[in-house]
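Novice: Dumping the structure here so I can ask a few things about it.
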Amino acid sequence: MSDQLQGKRIAILVANEGVEQVELTSPFDAVRDAGAEVELLAPAGDEIQAFNHLDKGDTFTPDKVVGEADPDDYDGLVLPGGVANADQLRTDTDAVQFVRSFFEAGKPVGAICHGPWTLINADVVDGRTLTSWPSLQADLRNAGAEWVDEEVHVDQGLVSSRKPDDLDAFNAKIVEEFAEGVHEGQRESASAGA
């Protein structure tokens with residue numbers, strides 16, 4: 001346990017069904033172990049059904065409904081993967097606006113696997129460099145991003161990784177970026193997408 005994120009509050013945003021369990025639990029533990037207060041947000045107050053690939057995993061209780069959460073209360077955001085998870089979040093107006101607000105404020109964001117899908121709908125990837133699950137690369141390029149095949153990539157406070165095997169590197173970088181705080185490049189990407 002460290003105090004690198006002492007006094008920081010981090011949001012993890014997932015859909016109520018379809019999140020890749022390890023991509024939720026591993027970053028959650030990493031930021032909590034670094035001293036942050038972590039809150040789990042979802043579009044509805046119902047239980048969150050996590051998955052281990054295609055098999056049902058554990059259930060989790062959201063701390064708050066995203067539509068009732070104030071982005072100003074958080075210092076950073078994590079978007080775990082899971083195909084169904086990201087596909088649902090990117091069509092939820094409250095979730096998309098919540099994500100966009102982190103970029104508008106210049107706050108660090110971590111997105112892994114299919115998580116960057118939501119960033120496309122938040123209109124914050126144009127001119128950015130990031131990685132993701134390989135099947136998203138055309139979507140990201142079409143939205144104006146440069147896609148790279150790397151374990152973890154950091155671009156002005158935006159941390160991205162490809163898959164669960166990258167979690168150690170992803171977790172280390174989100175802790176580092178959350179500790180650094182506001183990044184002006186995040187704010188600029190939100191302005192470019194406006």
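Novice: Express in nm, to one decimal, how much length is gained between residue 47 and residue 61 on full extension, taking 0.36 nm for each residue of separation and deducting their alpha carbon distance.
Specialist: 4.5 nm
Novice: Relative contact order of the stretch 150-189, please, whole-number percent, based on alpha carbon pairs below 8 angstrom and at least 6 residues apart.
Specialist: Details: 38 pairs, mean separation 16.6, N = 40.
Rounded, it is 41 percent for the stretch 150-189.
Novice: If you take every residue apart from residue 164 with its C-beta less than 11 Å away from the C-beta of residue 164, what net charge results, scoring Lys and Arg +1 and Asp and Glu -1?
Specialist: Net of charged neighbours comes to -3.
Novice: Quick one: what are the phi-derived ³J(HN,Hα) couplings along the stretch 158-173, Karplus 6.51/-1.76/1.60 with θ = phi - 60°, whole Hz, x for glycine and proline?
Specialist: So the Karplus estimates, Gly and Pro as x, are 9, 9, 9, 9, 8, 6, x, 4, 8, 4, 4, 5, 4, 4, 4, 6 Hz.
Novice: Place the peptides 87-97, 138-148, 110-120, 20-30 in order of packing, highest mean first, counting for every residue the other Cβ atoms within 10 Å and averaging per peptide.
Specialist: 110-120, 20-30, 87-97, 138-148
Novice: Placing unit charges on C-beta atoms (Lys and Arg positive, Asp and Glu negative, everything else neutral), compute the dipole magnitude of the stretch 9-187 about its Cα centre in debye, rounded to 20.
Specialist: 320
Novice: While we're on this one: List the lysines whose Cα sits under 24 Å from the Cα of residue 56, skipping any in the same chain fewer than 8 residues away.
Specialist: Residue 56 reaches 64, 163.
Novice: Of 65, 121, 170, which is farthest along the charge dipole of the chain in the positive direction, counting Lys and Arg as +1 and Asp and Glu as -1 at C-beta?
Specialist: Result: 121.
Bear in mind these aren't lab numbers, they're just calculated from the coordinates by the rules spelled out. Quick caveat: nothing in here was measured; it's all calculated off a predicted structure. All Cβ positions, even for glycine, are placed from backbone atoms using ideal geometry, and neighbour counts span all protein chains on display.
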